[in-house]
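Following: one structure in structure tokens, then a few remarks.
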Amino acid sequence: MKPVISIVSPVYNEAEGLAEFTRQMIAVLESQPLSFELILVNDGSRDASFQIASTLTVDPRIRVVSFSRNFGHEAASTAGLRYARGDVTVLIDSDLQDPPPVILQMLDKWKEGFQIVYGQRSTRAEETLLKKITSWMFYRLMRRMAKMDIPKDTGDFRLMDRRVVNAFNALNERNRFVRGLVTWTGFKATAVRFDRAPRFAGKTKYNYAKLIRLAMDSITGFTTTPLKIATWLGIFVACGAMIWTIVIVCQFFLIPNYRQGGLTFLAAATLLLGGVQIFLMGLLGEYLARTYEEVQRRPIYIVDELVNFSDTIAIAGPNGGLIAEAPAPLTSAGGA
Ligand code: UDP
Ligand code: MG
């Protein structure tokens, strides 16, 4: 039977908490009179996550997609969304930081007719002050620069209607900033607020390098404003330099015995210009790198193993080697 609700959870080294997550999730879902599937996407875990996930698949509603290596959270979400068959899909972390009961509130909103329901964090338990400040800045910067209404303080925890999932699955770019892409689809959205819990077990897989990478991807992926900074900054600096030169020349001819603190001025100007140039070159590099990656057309992830997917057929996607899924014909036995 085709499930009504699909739950997609990326899993990376979550061995300690995975069984508990699954238990809580199933308890919440079974309280609903709707059929469901739970898709665990093992993103190349180095611990026992895959073994644990596999043992959980005695329940045919639990399905596992396992990658050949770690491809990242965004790739795992992408894969899960491609395999999801539900009328409605919920993306949720497998570390119990996003509380499963919130899904019930999301489903209520979905029944009211919303196609995207964001989980919006009211509090962030046990997160460092630095992380709170940087994410606060990030969300506001994004809204300004991308002129897109990316709701603030939302992670990837969200509900999506089938239409949204289909639209998302049709996007083939490699740099996948899931939050931005989902918002970009433009469907009717709302938010439910929740308190973000501390991790049940294990520790965060996002270090600052990864977070900066994500911020860069999201900015370069959704706005070309930084490229335009170059133009304006260039014009501004060039005009300033021209006026300054004229002033110096005038002073040289008009003021008798004029002496300029030449070296200091020169050093400062060189440093300033050098800095600006390097910054802008870096920015150009960002876009160039993105273009290069897109042109390479590599798949976003590679699937190594599928558990409990006997009723679906893996097919090659439009992206050369991308593994997508086609729903099985209705005649095949459902479930296991
Ligand atoms: N995750 C993943 N691949 C990665 C890193 C993380 O699939 O390379 C998963 C992880 O198992 C968790 C979710 O993505 O379910 C969010 O990761 P994490 O809890 O480390 O991020 P945070 O909550 O600290 O932002
Ligand atoms: Mg987490």
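Points worth noting:
- Measuring nothing but how far apart in sequence close Cα pairs (under 8 Å, 6+ apart) lie, relative to its length, the chain scores a relative contact order of 22 percent.
- Between residue 31 and residue 271, the FRET efficiency from the beta-carbon distance, with R0 = 51 Å, is close to 0.20.
- Bridge type composition, the chain - antiparallel percent by DSSP, nearest 5: 40
- Magnitude of the charge dipole, the chain, Cβ model with Lys/Arg +1 and Asp/Glu -1, debye to 20: 1100
- Extension gain, residue 297 back to residue 172 (0.36 nm per residue minus Cα-Cα distance, nm): 44.1 nm
- Label point distance in nm, residue 143-residue 228, each placed 7 Å from Cα along Cα→Cβ: 2.0
- Taking chymotrypsin sites (Phe, Trp or Tyr not before Pro) in DSSP loop conformation with at most 16 other Cβ atoms inside 10 Å as exposed sites, the chain has its longest uninterrupted site-free stretch at 1-186.
- Spin-label model distance (nm) - residue 251 vs residue 289, 7 Å beyond Cα toward Cβ: 4.1
- Rounded D (µm²/s) - the stretch 225-296, Kirkwood Rh over Cα pairs, Stokes-Einstein at 25 °C, 0.890 mPa s: 165
- With the helix formula -39500 (n - 2.57) applied to DSSP H stretches of n ≥ 4, the chain reaches a computed 222 nm mean residue ellipticity of -15500 deg cm²/dmol.
- Residue-span extension gain [residue 305 to residue 152] - 0.36 nm each, minus C-alpha spacing: 51.5 nm
- Summarising the amide proton neighbourhood of residue 193: residues at separation of 5 or more, or on other chains, whose placed amide H is nearer than 5 Å comprise 120.
- Taking other residues whose beta carbon is less than 15 angstrom from the beta carbon of residue 280, and scoring Lys, Arg as +1 and Asp, Glu as -1, yields 0.
- Bridge orientation summary for the stretch 118-200: considering DSSP beta bridges with both residues in this region, about 25 percent are antiparallel.
- Lysine pair count for the chain with Cα-Cα distance under 23 Å and sequence separation of 8 or more or different chains is 19.
- Å² of accessible area per residue within the chain, as computed with a 1.4 Å probe and no ligands counted: 52
- Stokes-Einstein translational diffusion, the chain - Kirkwood Rh over all Cα pairs, 1.567 mPa s, 4 °C, in µm²/s: 58
- Protein accessible area in the chain, 1.4 Å probe - carbon and sulfur %: 65
The values are calculated or read from the model by the stated rules, or taken from the named source; none is laboratory data. Being a predicted model, the structure only gives us computed values, none of them experimental. Neighbour counts are summed over all protein chains in view; Cβ atoms, including those assigned to glycine, are modelled from backbone coordinates with ideal geometry. Heads up: the accessible areas ignore ligands, DNA and RNA and are worked out on the full protein's heavy atoms, side chains in. Shrake-Rupley method; radii C 1.70, N 1.55, O 1.52, S 1.80 Å.
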